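Peer 1: Just passing along the structure, written as structure tokens.
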Amino acid sequence: MRRRLSTKVAAGLLGGALLLTGCAGGSDGSGRTSADRAAPDRGAPAPAPDAPDARRPSGAPEAPERLSTFALDVDTASYGYARRTLAEGRLPDPADVRPEEFVNSFRPDYPRPKDNGFSVTLDGARSDAAGWSLLRVGLATRPGDGERPPAALTFVIDVSGSMGEPGRLDLVKESLGLLADRLRDDDSVALVTFSSDAEVRLPMTRVGENRGRIHDVVDGLETSSSTNVEAGVRTGYDVAVEGRRTGATNRVVLLSDALANTGDTDAEGILERIDTERRTYGITLFGVGVGSDYGDAFMERLADKGDGHTTYVATPEQARKVFVDQLPGHVELRARDAKAQVAFDEKTVEEFRLVGYENRKVADDDFRDDRVDGGEIGAGHTVTALYAVKLRPGQRGRVATATVRWLDPATRAPHERSGSVDAAAMTAPIWGDGHDSLQLTAIAAYFADRLRGGDLPGAPVLSSLAARAGAIAERARSASVRELAEAIRQADGLSGSSDPYAG
């Protein structure tokens with residue numbers, strides 16, 4: 001069983017990645033401190049699972065008291081579903097808002113490592129709340145180079161009655177058609193559908209000369225009756241296990257509105273099966289959500305247990321982004337069981353607060369216990385964590401050191417890299433000129449926090465956030481940021497005041 005909290009939500013910015021430079025100053029005056037400069041790669045043989053020192057290498061110092069530890073996450077579904085909900089004239093359920101998924105829907109232009117590990121970048125700025133600053137921790141992997149291993153993908157497709165709504169099964173079929181044309185000849189595909197029961201439409205099949213056959217199966221999909229997700233996932237994993245390929249990336253891709261109403265609707269039986277196959281065969285789960293009514297929390301639990309990711313699509317453009325542009329990055333892995341730990345200097349930091357990641361928390365002592373599950377990260381991915389940090393008056397020196405630990409996907413050997421930031425690099429005002437990248441991260445985090453009724457220090461009212469997002473969109477000529485600005489304006493309008501959560 002996975003040892004982390006079990007409730008979370010958020011969605012992908014599918015309109016395109018924004019590439020913006022960071023702000024604030026690093027210890028070298030460059031505005032950032034990356035792992036390639038700050039710390040060497042500390043690979044070491046994995047400790048024996050039952051060794052008494054498995055949680056901390058022999059001779060390592062005791063961990064600092066002020067730590068923040070979490071599993072890495074590149075999910076984006078919460079943001080995508082929130083955007084659709086707002087466009088339909090409804091505020092999203094606060095329980096479905098996961099700030100880390102809003103933040104990670106945008107991809108800052110962090111330095112990229114030259115190897116298959118991570119870069120670690122820290123920067124920050126002063127917020128509008130007295131004594132409080134924002135600290136950003138950015139992690140990035142090297143983009144793909146076209147040399148990925150073959151993929152063995154089992155698509156589990158919801159064809160229940162609820163999928164007949166426009167923007168559900170029709171969008172799934174269009175998405176799979178796009179993907180069938182983009183997969184390599186040496187990739188393999190299987191197709192399973194489910195409604196009240198599950199059916200294998202296509203066993204694991206090499207793409208090669210079978211693209212036409214794949215298209216025919218996809219084109220023939222039609223909706224049926226109720227939603228038995230449990231039957232679909234069980235059958236999908238049966239097919240994935242039977243057709244698994246050594247040396248390939250073996251993955252189940254679940255496409256559904258996740259509105260289970262038949263079979264095991266509480267997910268426990270499904271979760272156990274997903275966890276078993278992940279641990280035994282390395283088969284992971286990628287969840288793609290659709291529909292105006294969407295079981296976000298249910299889908300997120302499934303993907304979490306499968307060491308995978310979730311995203312949400314509502315338009316053909318978003319589907320193309322996921323299946324043509326993003327799925328290859330999920331197939332080409334850079335890291336398994338990746339975790340981050342941020343150590344705050346007690347002499348400099350009075351208080352800190354991580355924005356989001358509640359259900360990705362890991363016990364501090366488990367950071368170096370490689371039996372404890374982390375996140376799966378692909379080629380070209382970025383992961384961002386934002387902290388609100390209250391600095392002690394007049395203190396200088398180091399604020400925080402961030403360390404990322406991961407396992408090599410092929411050898412399972414552990415590696416670590418670190419970066420740090422000093423107080424001098426966090427004195428510029430967050431809304432000053434030239435800080436677009438950090439401002440965008442802050443806007444996404446503040447927006448999500450407002451939607452779930454939070455009280456993040458220094459948060460502007462929604463009308464101000466919308467204006468700031470709009471200004472960045474104009475400067476960057478970014479459709480993605482324009483969509484963010486529009487979503488914030490819609491939330492502001494739905495409240496009937498300048499701030500829907502004002503007392």
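Peer 1: Near K173, which lysines are there with a Cα under 16 Å away, not counting those fewer than 8 places off in the same chain?
Peer 2: K321
Peer 1: Between the range 318-371 and the range 151-165, how far is it from one alpha carbon centroid to the other, in angstrom?
Peer 2: Each part's Cα centre sits 28 Å from the other's.
Peer 1: Once you have the Cα-Cα distance between S292 and R66, take 0.36 nm times their residue separation minus that, and quote the gain in nm to one decimal.
Peer 2: Numbers: separation 226, 0.36 × 226 = 81.36 nm, distance 4.17 nm.
Difference between extended and current length: 77.2 nm.
Peer 1: Still on this structure: What are the ³J(HN,Hα) values, in whole Hz, obtained from phi via the Karplus relation 6.51 cos²θ - 1.76 cosθ + 1.60 with θ = phi - 60°, for each residue of the range 333-345 in sequence order, with x given for Gly and Pro?
Peer 2: 7, 10, 7, 10, 6, 7, 10, 10, 9, 10, 9, 9, 7
Peer 1: Work out how much length R184 to S495 would gain on full extension: take 0.36 nm times their residue separation and subtract the Cα-Cα distance, in nm to one decimal.
Peer 2: Details: separation 311, 0.36 × 311 = 111.96 nm, distance 4.85 nm.
Once the chain is fully extended between R184 and S495, it gains 107.1 nm.
Peer 1: Please get the size of the charge dipole for the range 70-218, origin at its Cα centre, with Cβ charges of +1 on Lys and Arg and -1 on Asp and Glu, quoted in debye to the nearest 20.
Peer 2: Numbers: 19 positive and 25 negative charges, 70 e Å.
It comes to approximately 340 debye.
Peer 1: I need the calculated FRET efficiency for the pair E317 and R396, taking r as the beta carbon distance and R₀ as 45 Å, to the nearest 0.05.
Peer 2: Values: r = 48 Å, r/R0 = 1.07.
Rounded to the nearest 0.05, the efficiency is 0.40.
Peer 1: Would you please give the FRET efficiency between D364 and D238, computed as 1/(1 + (r/R0)^6) with r the Cβ-Cβ distance and R0 = 45 Å, to the nearest 0.05?
Peer 2: Numbers: r = 39 Å, r/R0 = 0.86.
E between D364 and D238, to the nearest 0.05, is 0.70.
Peer 1: In whole Å, how far is the Cα centre of the range 196-220 from that of the range 387-450?
Peer 2: About 45 Å separates the Cα centre of the range 196-220 from the one of the range 387-450.
Peer 1: At 0.36 nm per residue, and after removing the present C-alpha to C-alpha distance, how many nm does the segment from A424 to E222 gain when stretched out fully? Don't skip to the answer; put the middle values down first.
Peer 2: On the way: separation 202, 0.36 × 202 = 72.72 nm, distance 6.04 nm.
The span from A424 to E222 would gain 66.7 nm if fully extended.
Peer 1: Which of the lysines could a cross-linker bridge to K390, judged by Cα under 17 Å and excluding same-chain residues fewer than eight apart?
Peer 2: Excluding near neighbours in sequence, the set is K347.
Peer 1: So for the pair T280, A471, with labels modelled 7 Å out along Cα→Cβ, what separation do we get in nm?
Peer 2: Each label point is offset 7 Å from its Cα along the Cβ direction, giving 5.7 nm.
Peer 1: Further, regarding this structure: Largest first, what is the accessible-area ranking of S196, S188 with a 1.4 Å probe?
Peer 2: If we order S196, S188 from most to least accessible, we get S196, S188.
Peer 1: How much accessible area per residue does the range 107-149 have, counting only protein heavy atoms and a probe of 1.4 Å, in square angstrom? Numbers along the way, then the final one.
Peer 2: Values: 1610 Å² over 43 residues.
Here the residues of the range 107-149 average 37 Å² of exposed surface.
The values are calculated or read from the model by the stated rules, or taken from the named source; none is laboratory data. Please read all numbers here as calculations on a predicted model, not as lab measurements. Reconstructed Cβ throughout: ideal geometry from the backbone, glycine too, with neighbour counts over all protein chains shown. When the accessible area is computed, the model is the full protein with side chains, heavy atoms only, and any ligands, DNA or RNA have been set aside. Shrake-Rupley method; radii C 1.70, N 1.55, O 1.52, S 1.80 Å.
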